[in-house]
Amino acid sequence: MNRPAARLRILLLLCLACGALAAQAKLFLWEAEREGQRVWLLGSIHLGRSDFYPLAAPIEAAYREADTLAVEADVSDPTAVAPLFAMAMLPPDQSLANMLTPAQNKQLNVALARANLPRVAADRMKPWLLGLTLSVLEMQKLGFQPQSGIDMHFLQRARTDRKKVVELESIRAQFELFDSLPQEESVGVLLATLEPLGKQLVKPMLESMISAWQRGDAPAMRRIIDDYTQDNAISKRLNDKLLGQRNRTMADKIANMAGQPAPLVVIGAGHLAGPDSVVDLLKARGFRVKQY
């Protein structure tokens, strides 16, 4: 084969491959329908980046159709969180340092230095709050911000467009869930944060999750979550409480919300991935589900 013909063939093969990839590409967006009642499901990245936007046309179309926006919690009001911090602080006679082993305290000190968070302040927090705080601070250091999150993006637009906003949970309910954890599970939340921080795994984990979200690859999203979940009884109980049980509750509420026009439900992408996801739970409730 002469050189121009060979180049043409390679170019043709590349075009066909790119076309096949484009055809397979999906979004983290689903439409669920049962007896004419519909609902849109969109996976959220709670802390996002400005380069997430503009969002894909099908997502924009789903938002325009909806007259109701449903979220896990309305995070658009910064004053809603402040009154809840009291429940997330340890009593005066308790200290976080006494809940951790010497090795775990050393690991925590390294993470606190990286986050520029004083140990004296950290020792007053319940372990779950400190774990979440360190996660958010690390994500912000890597360029992810709450104001660029998918749910915040749509909450702000819904307010401007005078769409109805519904909470599937609430910020208070989420605080109360974490606050109800036994001490070993609360410490488990912190340890689940310290390990990837110490091994510098947060950046590759986030990059993998963003890539899965952009491809609409729910199985990959679940694999990432499972890969970074510690294989022990405490982590398994936490996973069921923070994903499994909440998925079941949210699926019931979402099923009852379906209507015409279809509301747009924006929840964490992890809730839409895996065998116990909201997507599969709606299928079990008789919904026909289509991914875009």
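The values are calculated or read from the model by the stated rules, or taken from the named source; none is laboratory data. All figures in this text were calculated on a predicted structure; none of them were measured in a lab. Counting neighbours? That spans all protein chains shown, and the Cβs are built from the backbone with ideal geometry, glycine included. The area values use the complete protein model at the heavy-atom level, side chains included, leaving out ligands, DNA and RNA. Shrake-Rupley method; radii C 1.70, N 1.55, O 1.52, S 1.80 Å.
Residue-level analysis places residue 4 outside the set of residues that are modelled with pLDDT of 50 or more, loosely packed, with under 10 Cβ neighbours inside 10 Å and not polar (S, T, N, Q).
Taking the stretch 164-190 as the range and being open to solvent by 40 Å² or more (accessible area, probe 1.4 Å) and more than 19 Å from the chain's Cα centre (by Cα) as the test, the residues that pass are 164, 179, 180, 182, 183, 184.
Restricting the stretch 191-208 to residues that are touching a residue at least 40 places away in the same chain (Cβ under 8 Å) and crowded, with 16+ Cβ neighbours inside 10 Å, the residue that is nearest to residue 79 (Cα to Cα) is 193. So which residues in the stretch 72-114 are closer than 18 Å to residue 135 by Cα, open to solvent by less than 50 Å² (accessible area, probe 1.4 Å) and either modelled with pLDDT under 95 or not small (Gly, Ala, Ser) (or both), if there are any at all? Hits for the stretch 72-114 are 81, 96, 104, 105, 108, 112. List the number of the failed condition for residue 220; all other conditions in (1) modelled with pLDDT under 95; (2) in contact with a Ser or Thr (Cβ under 8 Å, 6 or more places away or on another chain) hold. Every listed condition holds for residue 220 apart from (1).
Within the stretch 37-59, none of the residues are at pLDDT 95 or above, out of contact with any Phe, Trp or Tyr (no Cβ under 7 Å at 6 or more places or on another chain) and on the phi > 0 side of the Ramachandran plot. In the stretch 221-248, which residue that is among the β-branched types (Val, Ile, Thr) and without any contact (Cβ under 8 Å) to a residue 40 or more places away in the chain is nearest to residue 70 (Cα to Cα)? Result: 224. For the stretch 209-224, the criterion of a residue being surrounded by fewer than 16 Cβ atoms within 10 Å (Cβ to Cβ), basic (Lys, Arg) and closer than 21 Å to residue 276 by Cβ is satisfied by at least one position.
Selection of first residues in the stretch 137-149 that are without any contact (Cβ under 8 Å) to a residue 60 or more places away in the chain and of second residues that are of a type in the set (Gly, Ala, Ser), restricted to Cβ pairs under 7 Å at least 6 apart or on distinct chains, gives the following pairs, ordered by first then second residue: 137/115. Restricting 169, 185 to residues that are of a type outside the set (Val, Ile, Thr), touching a residue at least 24 places away in the same chain (Cβ under 8 Å) and part of a helix (DSSP H, G or I) narrows the list to 185. Picking from residues in the stretch 43-71 that are in a loop (DSSP other than H, G, I, E, B) and open to solvent by 70 Å² or more (accessible area, probe 1.4 Å), the one that is nearest to residue 259 (Cα to Cα) is 67.
Looking across the stretch 243-266, the residues that are among the polar types (S, T, N, Q), open to solvent by 10 Å² or more (accessible area, probe 1.4 Å) and assigned to a helix (DSSP H, G or I) come down to 245, 249, 256. I want to confirm something. Restricting to the stretch 142-155 and keeping residues that are within 26 Å of residue 129 (Cβ to Cβ) and part of a helix (DSSP H, G or I), which single residue is most open to solvent (accessible area, probe 1.4 Å)? Among them, the one singled out is 147. Among the residues of the stretch 225-238, those that are open to solvent by 30 Å² or more (accessible area, probe 1.4 Å), assigned to a helix (DSSP H, G or I) and farther than 26 Å from residue 40 by Cβ comprise 226, 227, 233, 234, 236, 237. Quick check: is even one residue across the stretch 228-236 basic (Lys, Arg) and under 25 Å from residue 116 (Cβ atoms)? The answer is no, given that none of the residues of the stretch 228-236 is basic (Lys, Arg) and under 25 Å from residue 116 (Cβ atoms).
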